[in-house]
Amino acid sequence: MIKTWLCVTTYPNWRVCCDKSLWGVKDSEARSSAYGIEQLKKVKKGDRFVFYAGQEGIIGYFEVISDIFEENTYIWTDEIYPKRVKLIKIIELDEPISFSKIKNNISNAQTRNIIANGNAIEGKPMIPISDDDAEYLVSLIKKQALEKRAGSHEDRLKRFKEAGMPTRFES
């Protein structure tokens, strides 16, 4: 069964995740690192990651395409995160979706608290999210990506007119 995970990172580290198509967690004895590793061990190929970048907001949607592996290359902006999985980008948003836009529709309190605070709660860099919350967040991501691609209503009407297409839906 495919799970969806909320992954929390800083915006600079989000850029690395996006550019390198990788997600990683710390490998140390610290409680927060142990939690991250335990969660990452549960991730399977085909699982989906919804990314929340610091105070920016929901910013991307990826699919996991590898098993967990270890690599000590320093690629992130602050630390080495050696426990990693490879990702494939499904959607990267140009404009993040802010917490204020989604807060009233997140059903799981832990998910809502992580998004509200803009960082990992108690050092939890990733948490599984409910099917309902996953469906809601993914639908918002897809909607925003489609709106960006299609342009505003006025932009679409203009393109239709330029192409000589009927515009009976003009406002």
Restricted to the range 1-15, and to residues that are buried (at least 19 other Cβ atoms within 10 Å of the Cβ) and not hydroxyl-bearing (S, T, Y), which residue is nearest to G46 (Cα to Cα)? W5
Matching residues, the range 1-21, being of a type in the set (A, V, I, L, M), over 11 Å from the mean Cα position of the chain (by Cα) and within 13 Å of G60 (Cα to Cα): V16
Scan the range 35-50 and tell me whether some residue there is over 10 Å from the mean Cα position of the chain (by Cα), closer than 30 Å to S100 by Cβ and part of a loop (DSSP other than H, G, I, E, B). yes
Report, ordered by the first and then the second residue, all pairs with beta carbons closer than 7 Å, sequence separation of six or more or different chains, a first member in the range 88-109 that is surrounded by 13 or more Cβ atoms within 10 Å (Cβ to Cβ), and a second member that is assigned to a helix (DSSP H, G or I) and of a type in the set (D, E). I106/D133; N108/D133
Would you please name the residue that is nearest to D67 (Cα to Cα), looking only at residues in the range 1-28 that are of a type in the set (S, T, N, Q) and in a strand (DSSP E or B)? T4
For residues in the range 56-75 being out of contact with any Asp or Glu (no Cβ under 8 Å at 6 or more places or on another chain), within 26 Å of L93 (Cα to Cα) and β-branched (V, I, T), which is surrounded by the fewest Cβ atoms within 10 Å (Cβ to Cβ)? I65
Would you mind stating whether G36 is small (G, A, S), buried (at least 21 other Cβ atoms within 10 Å of the Cβ) and in contact with a Cys (Cβ under 8 Å, 6 or more places away or on another chain)? no
In the range 112-151, the residues that are in contact with a Lys or Arg (Cβ under 9 Å, 6 or more places away or on another chain) and modelled with pLDDT under 80: R112, I114, I115, A116, E122, G123, A150, G151
Among the residues of the range 15-38, are any touching a Pro at 6+ places or on another chain (Cβ under 8 Å), at negative phi, modelled with pLDDT under 95 and acidic (D, E)? yes
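The values are calculated or read from the model by the stated rules, or taken from the named source; none is laboratory data. The structure displayed is predicted, hence computed values, not measured ones. Note that we place each Cβ from the backbone using ideal geometry, even for glycine, and neighbour counts take in every protein chain shown.
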